[in-house]
1. Please build a GNM for chain C, connecting alpha carbons under 10 Å apart, and tell me which residue among C:111, C:50, C:269 fluctuates the most.
2. What lysines could a cross-link reach from residue A:101, if we take a straight Cα to Cα line under 28 Å and drop same-chain neighbours fewer than 8 places away?
3. HN-Hα J couplings of segment A:267-278 from phi, Karplus 6.51/-1.76/1.60, θ = phi - 60°, integer Hz, Gly and Pro as x?
4. Counting pairs of Cα atoms in segment A:400-524, how many percent are more than 20 Å apart?
5. Taking each residue of B:183-190 in turn, how many C-beta atoms of other protein chains fall within 10 Å of its C-beta, and what is the average?
6. Taking θ = phi - 60°, what integer Hz values does the Karplus form 6.51 cos²θ - 1.76 cosθ + 1.60 yield along segment B:63-78, in sequence order, with x for Gly and Pro?
7. When the Kirkwood hydrodynamic radius is evaluated over all pairs of different C-alpha atoms of chain C, what value in angstrom, to one decimal, is obtained?
8. Give the long-range amide H neighbours of residue A:510: residues separated by 5 or more places, or on another chain, with amide H under 5 Å away, using H modelled in the peptide plane at 1.01 Å from N.
Amino acid sequence: MVVRTVACPSRREVLVGGSALVSLSLPRLAEAQTPGVLRIGMTAADIPQMTGSPDNGFEGYRFTGYTIFDALINWDLSSADKASDIVPGLAESWAADPSDKTKWIFKLRRGVSFHDGSPFNADAVVWNYDKLINKDAPQFDARQVGLVGFRIPSIKTVRKVDDYTVAFGTGTPDAFVPYQVVYILMASPKQWETVGKDWAKFHEQPSGTGPFKVDKYVQRQRVELIPHKTYWDKKRVPKTERIVLLPLPEANSRTSALLSGQVDWIEQPLPDTVPQLKSAGMQIFSNGYPHVWPYHPSVLDNSPLRDIRVRKALNLAIDREGIVALMGGLALPARGHVLPDNPWFGKPTFELKHDPEQAKKLLAAAGYGPANPLKLKFAISASGSGQMLPLPMNEYIQQNLADIGVHLEFDVTEWQALLDRWRAGAKGDVNKGISAVNISYATQDPYSAFARFMRSTFHAPVGVNWGFYNDPEMDKLLDAAQLAFERTARDAALARVHEKMVNDAVMIWVVHDVGPRAMSAKVKGFVQAKNWFQDLTPVSMVG
Amino acid sequence: MLALIIRRFVYTLPIAIGVTVVCFSLVHLAPGDPLNAVVGPDAPADVVETLKRAYGFDKPLPVQYAKWLYRALHGDLGRSIATGRPVMHEMSHAIGNSVALAVVAAVIGFGFGCLFGAIAGYAQGGFVDKVASFFGLLGVSLPHYWLGMVLVILFSVELGALPAIGIGPEGAAVWAWKKADWAHAILPAITLAVIPLGIVTRTVRAAVAEALNQEFVQALRAKGLQSRAVLRHVAKNVAPVCLAVMGIQFGYMLGGSILVETVFAWPGTGFLMNDAIFRRDIPLLQGVILVLAMFFVALNLVVDVLQTVIDPRIRRGSGG
Amino acid sequence: MTSPALDLGTAPAPLAHPVHGYRARVLRQLSRDPITIICATVLIAIFLSAIFANHLAPVDPYKTSMINRLKPVGYHGYWLGSDELGRDLMSRLLYGGRLSLLMGVAPVAAALLIGALLGVVAGFVGGAVNTLIMRTVDVFYAFPSVLLAIAISGSLGAGVTNAILSLTIVFIPPIARVSESVTTGVRNLDYVDAARASGAGAWSIMRVHVLRNVLEPIFVYATSLISVSIILASGLSFLGLGIVPPNPEWGLMLNTLRPAIYINPLVAALPGGAILVTSICFNLLTDGLRQAMDIRA
């Protein structure tokens, strides 16, 4: 743990003493807390889209996605201990047709209605997929395609079989289909008609099947959610009276807001403020989840990182425990691409640890040493979603690498610019001289975790295999996983993929984020799952 | 007189056009894809291309400028890429909030500024002058956003007396503000008022001192004549300059409040602009900058005309 | 953020009649004013400490130390405490002075050169040239300064050069306007008319009479902008648009030390103090200069 300093006591004492006097005379004008109302400070700068296709990344899904809407398949967010996997949502069951694996049959849940009262059925499902894949449908929305369309790469057709059965058609057999379906939320077609067939208006008066309804919305300022008392999952009817979501993009403002009692829950407090929050009686939640903070190297011919010995050396040079200490304990050292307790972890033979001597040996074998020092340039950002504290962390690693004789230089850009570099691929002009990009990744589903980075065909401009990694054996392993339709077989196949990924040092992994959030002591019932998304329904306010 | 006003107005037109050109070019100078706000990071290139075409970003810049200007003149500033809502719609709320904050800050800043400045001017050279002038000095030397943070720590976190962030819960208009709304506005308004307070103090002090130092005023005072006459004279001399300064400062407060709004999460135009810059939401950014700049141009025009009307001695040296 | 004197147009008025020994009188007046002396001394000290930072700083300002983060003032080995990465704050402040002062002075200096040139030419030549130059300048002047600075920086991206460029563009219009206004005033004065009547050429009139009287007010006006420039630059870094980490710069340090307010408020306040002191000194110095130059003949 980080050794903390003691805040100047005299100043605090004076202030506390003085404040006692002052607060006797000053009326408490700070927004008082109404019982039963949970006020959450998000890091987003605006209320995320409430059309069923949230923006603002996974935070959008977390607060205006799975709260107001359901997908056919949902995430199991009930446990803090086991890896979070998919569970039935609006579909009770699904399976690929054994005779034709490109066809999936989903059996829908009966007796479910949208918030506006209209029934949920197969027509609604088809309508919702058409908004993304059918250019001629009136509800087609190019913006939503940009936001979530890429999450359903395999789904080509969606057909109604009967009122409660839907058939999905994929181009080639793909066992990952459920992990794609989970991201597509069901919006109410009737509501869309009622608001005048306009998605912008739908955003102001959304209607889904989720456990929360929208009661009040003030553009850019707040949205208030209330429980949907007739939610189909009786175990997940919300326990709070009301949830108020507030955009607070500035980390210090969030901290002030929590400390002053203006909100009850903030996302991503700054690690430095955690001790202060704790001493003010706040609860700090954190848990590993499918996030990883790596360097994604280029393995092109002009990159020093094409040599596996160099990649392994870099992996061994990093002092991960030191980074964890830098983050005030709010990080987990990486042992691979996914968390060690994830079923896809497997048993890789290459161990990620801090071994500078071994690192130096590997570098020497690769031809680098004091006479020929390795010079690298990485592209990083100063901030960004999931990037944690990029600058201090990178500087720390720069020092680690200097200790084994590697000169690491950074090209610091702004977050969006870094994403552009990512999309451009290692061969892009904008990435000249850059050997790796530092972008944090969500590894929540098989495509996001593995396929998009390692399939030889998924390099720019088609996908984000930034480094042009190309290994036919890996392609075969990915194929095998993609054709493993049964869960345990699929998990085992993905474990093989992960083992090879780690053994080949495909990336240089540093830490996993633990998704810290801070709440006042009045918030009860929250369980932080090992997931990017969280369940707000069991939360209640006391006192 | 009328001719003068018309001439000023005519001079302003090319400036306004120039402003639109600068506004448009600034935003397009930005490196990076204009569609970042709406396209998920993973999206493949063909999706990006389709969207680009849909927004017209594939056309050459002069064409985009012409189209944009034409629409803007008809009140259509396009749609925000990030939210899909019309830019005017986004701005209407934000402008209202910024204006509200600017008004409160103006009252505080100008009020106290005139007070301190007048005191300092009258008490010229004395200790009181130094104290009052010091406030003025502080106002223009302090990083005001830093002060804002300190105020938050003091009043919100330590004392719990005032809210730290955001606007009032109801999102109501200024004239309908209740106690809670005012509580939210005090700290940001004080922070925003710091610099105008400094400037107005210094301006008023200089003007008052100059008026008082004029020979015939000294004569008046020597003869012991009613200070009311002196006061009237001082006011008459100070008023034009002060009005001009206050007018411009109000414009700056409206257009330059981004730092204060960022610290306090005040949903005004500055906050909007900050978001637009970092999400590279080009239509929104263009719209905000354009509206703010145009407002400032108009304000400048009004102040110019007023100044010339009030005090014909003041000439803008425009060699014409 | 607003700019104090941008719109006051209060450059000291050029002298109606040339005064013998004017400069000597100004200097004497200045030397009698204690505040001006103090400020000048402090500023010289600040500049020198920045220039010689490499000799004065106890340690390398970039050297981090995870176990020594956010130590208070007076902690062993860290005279003014340490920042969020364990870097010595005293060293960071000294080195930071370099970038902060650069960001303060460079844009104003550049804008002075360009703006004064534009303004004087426009004021002296008059007519169509004047209209062309001044209208173009007015277009940029039409933007509130913060807005313009942020818009330009936001477009160009973060970095020292971009920030200096953007601030220079922000300061050229007011300097140009003041220059033009002052020059026009001088051009119409009696002694200039007399010189023209006696058949002197335009260039010699410019050199002998106009420039000498015009440059001083313009220069004083420009120096009043330096404190604004420092604060504006720190504001840009605060928004992530100016200097990039890990470079030390007072505004950026204010930004990155903000979370430290909850842990070590004094350390977090120091960079703000540095900006404040520097700004105050520049402002008082300019005030003193103006007062001294305001000698009625």
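Coordinate-derived values only; no laboratory data. These figures come from a predicted structure and were not determined experimentally. Cβ atoms come from the backbone with ideal geometry, glycine included; neighbour counts cover every protein chain shown.
1. C:269
2. A:131, A:135, A:156, A:160, A:476, A:500
3. 8, 6, x, 5, x, 5, 8, 4, x, 5, 4, 4
4. 55 percent
5. Numbers: counts 5, 4, 0, 1, 0, 0, 0, 0.
Mean number of neighbouring Cβ atoms from other chains: 1.
6. Taking θ as phi minus 60°, the curve returns 5, 4, 4, 4, 4, 5, 4, 4, 5, 4, 5, 9, x, 9, 9, x Hz for segment B:63-78.
7. For chain C, the Kirkwood estimate is 20.8 Å.
8. HN-HN under 5 Å from residue A:510: A:293, A:295.
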